[in-house]
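S.K.: Once you've had a glance at the structure underneath, I'll fire off some questions.
The values are calculated or read from the model by the stated rules, or taken from the named source; none is laboratory data. Note that the structure is a prediction, hence the values are computed from the model and not measured. Heads up, the Cβs are rebuilt from the backbone with ideal geometry, glycines too, and the neighbour counts pull from every protein chain shown. Heads up: the accessible areas ignore ligands, DNA and RNA and are worked out on the full protein's heavy atoms, side chains in. Shrake-Rupley method; radii C 1.70, N 1.55, O 1.52, S 1.80 Å.
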Amino acid sequence: MKRKDLWLLHFSTLFFFLGYILVAPLISPLAITFGASPFLVGFVASVSSIFAFVLKPVGGILGDKGKSFEVMMIGTILGAVAGGFYLLSFFMRSLTIFAIGRAVHGAASAFFFPSSLSTAINLAPKGRVGETLGWRETMFSLSQLIGPAVGGLVADYFGFHSAFVLAILFSLVGFLFVSNAYREVRAKIPVKESEEKKGSYRDLVNLSFVGASISLFFMVFAYSGMYTFLPAYYKILGLGTSIFGIYASIMGGFSLLTRVFGGREADKRGPIPVASSGLLLITSAYVALFLYLLPPEAYLSAVILGMGFGLAVPSLQMLALANLPKNIRGIGSSVYTMFFDLGYLSGPLALGYLAEIEGYEGIFLFLPMLTFLSLSNLILLKMLGRKRP
């Protein structure tokens, strides 16, 4: 892909999520340092998703009104502001201020994430939507590869405050890429409105969109539990923050191998078979993690998990959004990614309550069950699709 505007957009995605995901493996260790219980750890991890969930329709509506680049720029600025709250919480040793930072980062995600997704689809060359989403998700995987390891290592060797400064810098670099992409797109001749297929919000109620959203929810429910409580489990065992950072980086690295491939295959074969293959790998990975929770054996599950996400994520996005009319794709991206937030909100809260009863290690049995529900939903969607005339 040689489109400069798309690559600027992809790089803005990389740096925004670097700033966002760099903090993720630090949440539970920092909360435990402040004396938080398992349920409170889960609550703090969920705060960003609560605010993202509430605010995403606003970002989507603004995007559909032609303000998608402005909305993304607001998101990157809010990401930097969130980093400022993280810094303040560290120096004041305040879990409340840290939670406020998570809320601001949730708002940043609400503005950046849906507009970034819908704009990538809008700018994609004809017949290459899956590939474009694959490249976008490759940038997300790069952030997973670099961010957690860098965040964990910097926190271990230089302190949490240094990691938070880095998160601020990444968000600001993301702003620069968005603003350059905006200038690049504005220089091009826009497509005439009469040539665009118009749609209403009722068009969101279709099998593909609803089915993809439900599968996304169960997949993220399990992922959020793993991402919140695996580092907490390693922390109470006395292992360093960087142990989970390495796990997450392995996952992100192997996801790189399948993101573009998965998107291209979705263009050729359709999104459901590719997404189903990815979810089968993810379910297998969680079974392996339950059996081998400690490194180095646990790193095998990270390999399988990354490859599964590389296939599933762009395919589910394509299934949900590619066939929506352009004028409702912004709100469609918002509603779709709200299921991501709903999963990220529900997972830490529900599994955090379970961890209070069973201990941190007790939750990992439920992760493959959740992703099997996601896979079963796609199988049902495929069967219903065959019965339609």
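S.K.: Return only the number of the condition from (1) touching a residue at least 24 places away in the same chain (Cβ under 8 Å); (2) more than 22 Å from LEU142 (Cα to Cα); (3) not aliphatic (A, V, I, L, M) that GLY263 does not satisfy.
M.R.: Of everything listed in (1) touching a residue at least 24 places away in the same chain (Cβ under 8 Å); (2) more than 22 Å from LEU142 (Cα to Cα); (3) not aliphatic (A, V, I, L, M), GLY263 misses just condition (2).
S.K.: Find the residue count for segment 106-149, including only residues that are touching a Gly at 6+ places or on another chain (Cβ under 6 Å) and acidic (Asp, Glu).
M.R.: Count: 1.
S.K.: Kindly indicate which of LYS67, LYS126 is outside any helix (DSSP H, G or I) and over 26 Å from PHE309 (Cβ atoms). Show your work before the answer.
M.R.: Details: LYS67 fails: outside any helix (DSSP H, G or I).
Going through LYS67, LYS126 in turn, the sole match is LYS126.
S.K.: Okay, moving on. Can you give me the number of residues within segment 271-284 that are surrounded by 24 or more Cβ atoms within 10 Å (Cβ to Cβ) and farther than 10 Å from THR371 by Cα?
M.R.: Looking only at that region, the number is 4.
S.K.: Here are the criteria: (1) under 29 Å from ALA181 (Cβ atoms); (2) outside any helix (DSSP H, G or I). Tell me which single one GLY35 does not satisfy.
M.R.: (1)
S.K.: Within 19 Å of PHE140 (Cα to Cα), at pLDDT 80 or above and open to solvent by 10 Å² or more (accessible area, probe 1.4 Å) - does that describe any residue in segment 153-165?
M.R.: There is no residue in segment 153-165 that is within 19 Å of PHE140 (Cα to Cα), at pLDDT 80 or above and open to solvent by 10 Å² or more (accessible area, probe 1.4 Å).
S.K.: Are there any pairs, at least 6 apart or on different chains, whose C-beta atoms fall under 9 Å, with the first in segment 230-249 and at positive phi and the second modelled with pLDDT under 85 and of a type in the set (Val, Ile, Thr), and if so, which?
M.R.: Within 9 Å, no pair qualifies.
S.K.: I would also like to ask the following. Residue pairs, Cβ under 6 Å, 6 or more apart or interchain, first in segment 62-73 and over 15 Å from SER109 (Cβ atoms) and modelled with pLDDT under 85, second among the aliphatic types (A, V, I, L, M) and in a helix (DSSP H, G or I). List them.
M.R.: ASP64/ILE331
Per-residue answers, yes or no, for (1) within 15 Å of THR76 (Cβ to Cβ); (2) assigned to a loop (DSSP other than H, G, I, E, B); (3) at pLDDT below 85; (4) open to solvent by 40 Å² or more (accessible area, probe 1.4 Å):
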{"position": "GLY134", "(1), (2), (3), (4)": "no, no, no, no"}
{"position": "ALA167", "(1), (2), (3), (4)": "yes, no, no, no"}
{"position": "PHE175", "(1), (2), (3), (4)": "yes, no, no, yes"}
{"position": "VAL178", "(1), (2), (3), (4)": "yes, no, no, no"}
{"position": "LYS198", "(1), (2), (3), (4)": "no, yes, yes, yes"}
{"position": "PHE218", "(1), (2), (3), (4)": "no, no, no, yes"}
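S.K.: Within segment 5-46, how many residues are modelled with pLDDT of 80 or more, touching an Asp or Glu at 6+ places or on another chain (Cβ under 8 Å) and open to solvent by 10 Å² or more (accessible area, probe 1.4 Å)?
M.R.: Count: 1.
S.K.: Here is a follow-up. Pairs only if they're at least six apart or on different chains, beta carbon under 6 angstrom, first in segment 74-97 and under 17 Å from VAL47 (Cα atoms), second not in a helix (DSSP H, G or I); list them, first residue then second.
M.R.: Correct list of pairs: LEU95/PHE34.
S.K.: May I pose another question? Determine whether SER118 is open to solvent by less than 40 Å² (accessible area, probe 1.4 Å), part of a helix (DSSP H, G or I), polar (S, T, N, Q) and in contact (Cβ under 8 Å) with a residue 60 or more places away in the chain.
M.R.: Working: open to solvent by less than 40 Å² (accessible area, probe 1.4 Å): yes; part of a helix (DSSP H, G or I): yes; polar (S, T, N, Q): yes; in contact (Cβ under 8 Å) with a residue 60 or more places away in the chain: yes.
Answer is yes for this residue.
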